[in-house]
1. Based on Cβ point charges of +1 for Lys and Arg and -1 for Asp and Glu, what charge dipole magnitude is obtained for the chain about its Cα centre, in debye rounded to the nearest 20?
2. Please return the longest stretch of the chain lacking exposed loop sites, where trypsin sites (Lys or Arg not before Pro) count only if DSSP places them in a loop and at most 12 other Cβ atoms lie within 10 Å.
3. Between Met495 and Ile531, how many nm apart are label points set 7 Å from Cα along the C-beta direction?
4. Can you give the convex hull volume of the alpha carbon atoms of region 196-272 per residue, in Å³?
5. Please list 3J(HN,Hα) in residue order for region 723-740, calculated via the Karplus relation 6.51 cos²θ - 1.76 cosθ + 1.60 where θ = phi - 60°; whole Hz, with x for glycine and proline.
6. Quick one: compute the contact order of the chain, relative version, from alpha carbon pairs under 8 angstrom and 6+ residues apart, as a percent.
7. In whole Å, how far is the Cα centre of region 32-66 from that of region 654-722?
8. Treating only the Cβ of Lys, Arg, Asp and Glu as charged (+1, +1, -1, -1), what charge dipole size does region 289-420 show about its Cα centre? Round to the nearest 20 debye.
Amino acid sequence: MPNTKKTLPGHATEQNRFKTSKLTLLVDRFMTVLIKFGGALVITSVLGIFVFIVLQIWPLFAPPSVKPLKSIPLPDTKYALLGVDEWGAKPFLVASDGSLLVVDYETGETKDRSLNLGITGQVSAAFLNKREQKIILGTSNGQFVFVSPNHTSRESGGRQIIDVNPTAETPSSIGDPGMPITDIAYGDSGSSKLIVALQSDGETNRVTASLFKRKRSLMGKNKEEAAGTHDLTPLIPGRPEKILVPVTGDSVVVISESGKVSYLVLADGKFELRQSFTPFGDLANSHINVANFIFGDVSIAFASDSGENRIFSLFYPEGGKERLFGLTHEFPNLGASPVLLVSTLRNKAFLLGGGKELSLRYSTTESIRWQSRVPYPVSNAVISGKYQRLAVLDSSNTLHFFQINDPHPDSGWKALFGQVWYEGAPGPKWEWQSTGGSDDFEPKYSLVPLIFGTLKGTLYAMVFAVPIALLAALYTSQFLDPRFRSTVKPTMEVMASLPSVVLGFLAAIYIAPLIERQVPSLLLVVVGVPIVAAFSGFFWSHLPIQIRKFIRPGWEWIVFLPLLFASAGILWYLGPAFEAVAFVVTDPATGQKTADFRAWWPAVTGTSYDQRNSLVVGFMMGFAVIPIIFTIAEDALSNVPKPLITASMACGASRWQTALRVVMPTASAGIFSALMIGLGRAVGETMIVVMATGNTPIMEWNIFSGMRTLSANIAVELPEAPHHATLYRTLFLGALVLFLLTFAINTVAEVLRQHLREKFKTT
């Protein structure tokens, strides 16, 4: 029988009712593709950021390269000195006859730029002050003369042209007249100049120092006046062979033929022997072949006949009041008898060479940046001021040029994560100090103090935040009246959105000074309020039911909250009296006793007390973390199935027993997630740490000392970091360490959360 059922107008047939329109299918397919594309784009972006960070970091660990460029033959004569301009374009040499030869790197031409030095003897010694770019020449008849190469730079036709216009000063005599000078050096501090010469007649070696004072006239001109001549020979044990003078011109280092080093200091117009030591006293042959100051003139690199290489630096020994030299670094043997040791004017690198071996080394990190065997015996070398070009003179008077590509010699695994013995320090340590007040400052890039500060700040914040947040969440979800819960939870969620810069500003301006004045009061409150709360709860639980029934369940806070506030106020008020009794310190100078926690703490513990310290950070960072932990934990606790709670209480369990043994285990996965999210917030916090601490990268668990975290360090130093410099790339490494730290924590947290979720699942 045919279907005679008619379809009313505007109504779909039974067949068409479930048919999806083409537009809906098209939109569905489009959104599916869009979502997939968006997900892939997010993953690609994250990977791209990671790759970008790695690319920025990689040069810190990339090996340096030293490539040969060209060789230029020189006239066959004896050269006493090899120098170069800042750019490495115009090396110059001083011959024994006093002539000055300039080499053009681009063309390979040599030009004789000799001057009338006014000397009668041969040049027997020469010294180049790299910082002043001035040469001092000593002659075979006891004279010395200053020569300035006077390099200037100009542009011509789009090219940089380096000109050399040498000038010479009037010769002078030093020491014994007519006695040949075998070694000479000088230091110029700006206000004074010290010239030291080693003279020898074959039988007797003498060391003479001449001091000149510089005075500035009313017209702005400098005038040098002789301030005395000193015979240092009687102060030197052994036969002097080589002398070194720091750029400050306030001391002299004399090396004897036996390998003994004498450190003489100028004080009150007189020289005194402060220290004598033998760098290679443990070897059968302690003779020192070559020695030179490292950039900064605080450390000296020594090399023995057999190729041992050690560095001695000035520092204050424990309990000492005067700086002395001590062994700080030791390098592997060169493998040949050294004939040259050349330092740079840019960093703590130096070149050691002997025979056919060349080795570029970095003193601070004890790393060999480059070492190679060349096909010719080396005799002299120089490194350009920009640490980009190396010129080596061989025994056949051929000048060989090398290109140095070593932008980050002060980095590496040891510098970034290991203990390093920095100049002036009494021993190796982890230290971060990226900038200093002088050109010879040695940057310190250890990330360990920053990692330590990150963990320290996070620990103190979580110690403060976790108990308060979890207990508050537990009470709000299980005990508080629902009418109040609807107000408390939104309030806490609003607090979570409070900007951290506001909290940091509040901590720096108000909280830190307040805590500094009232530390004993704060200690009483921190210890006393939990005790009062515990006793109050115990007392309330043991009251007769006839009394407790006057307070409805969930309204207990009306009684307890005023009690806690009152006890906190009383304990805070008792703080000064507590300080007067418990924190009395005696002034060792006057014997007077004072009650001051800020003086008592350093005297008793031996640690510092800073106004902006970890206690302030823990308090304010914990204040920022509490709303986050509370909100998530409260949601997890409130979402525990009600039948479980009802069943527990039906079995005779109290509300507290139910909350502790049923609710919390069931919600443990959510509680753990809350803790991890709060931990992540604390690890990555920036503004509170920057504003509430002294931002000092120190490694101590003292709660009253400051710290510096990875995130705070990046925020503070990245805007001032030179693009692609070592500091710039090290900050990116700090960001990667921070990412890996949080990634590891979150991974472990997720594994534990899944385990807890599986263990306490309710379905």
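1. 4100 debye
2. After excluding every exposed loop site, the longest remaining stretch is 322-548.
3. Taking the simple label geometry, Met495 and Ile531 are separated by 2.5 nm.
4. 97 Å³
5. 4, 6, 7, 4, 4, 4, 6, 5, 5, 5, 5, x, 5, 5, 4, 5, 5, 5
6. 9 percent
7. 27 Å
8. 320 debye
Values quoted throughout were computed directly from the atomic coordinates according to the rules given, and no laboratory measurement underlies them. Source: prediction; values computed, not measured. Backbone-built Cβ (ideal geometry, glycine too); neighbour counts: all protein chains shown.
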